[in-house]
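Student: Supplied in structure tokens, the structure appears directly below.
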Amino acid sequence: MLEVRNLTKKFGAFAAVRDVSLQVKPGETFALLGPNGSGKTTTLKCSVGLVTPTFGQVLINGMDVEKGGREVRRLFSYLPQRVAFSENLTAREILEFYCRLRKLPTERVAKALERSNFDGFADRLVSQFSGGMVQRLGIAVAFLPDAPLLMLDEPTISLDPEGAVKLKELIASLKREGRTIVFSSHVLSEVEQLADRVAILVGGRLVAVESVEDLRQARASRSRLHIRLVNPEQKFVVAALSAGAAAARLEGRTLVLASRPEARLPLLGTLESAGAVIEGFVTEEPSLEEIYLRYMHERNPAGGTAGDSSVRARETKAG
């Protein structure tokens, strides 16, 4: 559906994106994950034709985005990270304007308002909207056409918790309809909930393309269970390792274990059966930055520039 080939975008001497290649399959929900300034927005803007690549190209259904004109533009809808609308119009009037602009039937306005959870705000002026409501209006505009490909740049930004939940439910329903969805985020839990595969961008470079399951496993492998013991003994380290812990060590009265999340409760039961008196426990999860650094180190253990050949090999294997 979407293919990015050797994409590089420079702004003067600064390279915002450097030699990024990836493929998104029809019907897939694909996330661009990375810290601020990693190149996510620039990649999306190049993918919808708002920014011209310095090198490389972007194809949608085999058509070059730069050269495809209206024929390729009708295949996608785009939600920018920051949206702005005339404050002297209502949400309904703005949606009707975009329907005329895209030659869509105005009957779609009601559905877009319902999907975006406006709840009585449709006929209020935009000047009365909070930042979250303006973002909801941008989402409604993006979802007006029945485009097979949706590209969303940080779609939950500015949304309150309820709005974020509603949007995630909407994305899940569109996925069930067979839409292809590409979205950017710096929130790991959001990506794990919604995406099938993830491209990790750091410093404008693609450092990994992974399935969400592989990403979860990578996260789990770096999480730790800290168990405070009344009676710390070395035999509990042996018991934990025998029960499937990936690693175990005693730090004073604390037993530190590495294990899969689903194995934690059985491990606690095993330790109690071995005679451990547990005072309390806490889970330490790796930060997103630690995960980025892990991928960068794995792709380039020598410490030079992360190469793309291994990424492309993994991507080809993933399909």
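Student: Can you tell me which residue within the stretch 100-117, out of those that are crowded, with 19+ Cβ neighbours inside 10 Å and part of a helix (DSSP H, G or I), is modelled with the lowest pLDDT?
Tutor: Of everything passing the filter in the stretch 100-117, 115 is modelled with the lowest pLDDT.
Student: Tell me yes or no: at least one residue of the stretch 86-95 is in contact (Cβ under 8 Å) with a residue 12 or more places away in the chain and closer than 25 Å to residue 1 by Cα. Spell out how you get there, then give the answer.
Tutor: We begin by selecting, within the stretch 86-95, every residue in contact (Cβ under 8 Å) with a residue 12 or more places away in the chain; these are 86-92, 94-95.
When the remaining residues are screened for being closer than 25 Å to residue 1 by Cα, the result is none.
For the stretch 86-95, residues in contact (Cβ under 8 Å) with a residue 12 or more places away in the chain and closer than 25 Å to residue 1 by Cα: absent.
Student: Across the stretch 216-265, which residue is modelled with the highest pLDDT among those that are under 30 Å from residue 44 (Cα atoms) and in contact with a helix residue (DSSP H, G or I) (Cβ under 7 Å, 6 or more places away or on another chain)?
Tutor: 216
Student: Among the residues of the stretch 171-187, are any hydrophobic (A, V, I, L, M, F, W, C), out of contact with any Asp or Glu (no Cβ under 9 Å at 6 or more places or on another chain), part of a strand (DSSP E or B) and more than 18 Å from residue 47 (Cβ to Cβ)?
Tutor: Scanning the stretch 171-187, I find no residue that is hydrophobic (A, V, I, L, M, F, W, C), out of contact with any Asp or Glu (no Cβ under 9 Å at 6 or more places or on another chain), part of a strand (DSSP E or B) and more than 18 Å from residue 47 (Cβ to Cβ), so the answer is no.
Student: Here's another thing I want to ask about it. So which strands (runs of 3 or more DSSP E) stay within the stretch 26-81 end to end and still have 1 or more residues that are within 18 Å of the chain's Cα centre (by Cα)?
Tutor: Passing ranges, in order: 29-33, 76-79.
Student: Do we have any residue at all in the stretch 128-139 that's among the basic types (Lys, Arg), part of a loop (DSSP other than H, G, I, E, B) and either surrounded by 17 or more Cβ atoms within 10 Å (Cβ to Cβ) or free of Cβ contacts under 8 Å to residues at least 40 places away in the same chain (or both)?
Tutor: Checked against the condition, which is being among the basic types (Lys, Arg), part of a loop (DSSP other than H, G, I, E, B) and either surrounded by 17 or more Cβ atoms within 10 Å (Cβ to Cβ) or free of Cβ contacts under 8 Å to residues at least 40 places away in the same chain (or both), the stretch 128-139 yields no hits at all.
Student: Quick one: residue 120 ticks every box in (1) of a type in the set (Gly, Ala, Ser); (2) surrounded by fewer than 18 Cβ atoms within 10 Å (Cβ to Cβ); (3) in contact with a Ser or Thr (Cβ under 7 Å, 6 or more places away or on another chain) bar one, so which box is it?
Tutor: Only one criterion in (1) of a type in the set (Gly, Ala, Ser); (2) surrounded by fewer than 18 Cβ atoms within 10 Å (Cβ to Cβ); (3) in contact with a Ser or Thr (Cβ under 7 Å, 6 or more places away or on another chain) is unmet by residue 120, namely (3).
Student: Still on this structure, please answer the following. Considering only the stretch 49-76, state which residues are in contact (Cβ under 8 Å) with a residue 60 or more places away in the chain and out of contact with any Phe, Trp or Tyr (no Cβ under 7 Å at 6 or more places or on another chain).
Tutor: First, the residues of the stretch 49-76 that are in contact (Cβ under 8 Å) with a residue 60 or more places away in the chain: 60-61, 74-76.
Result: 61, 74, 75, 76.
Student: Return yes or no: is residue 124 touching a residue at least 40 places away in the same chain (Cβ under 8 Å) and among the charged types (D, E, K, R)?
Tutor: The answer is no for residue 124.
The values are calculated or read from the model by the stated rules, or taken from the named source; none is laboratory data. Computed from a predicted structure; not experimentally measured. Ideal geometry is used to build each Cβ from the backbone, glycine not excepted, and the neighbour counts take in all protein chains shown.
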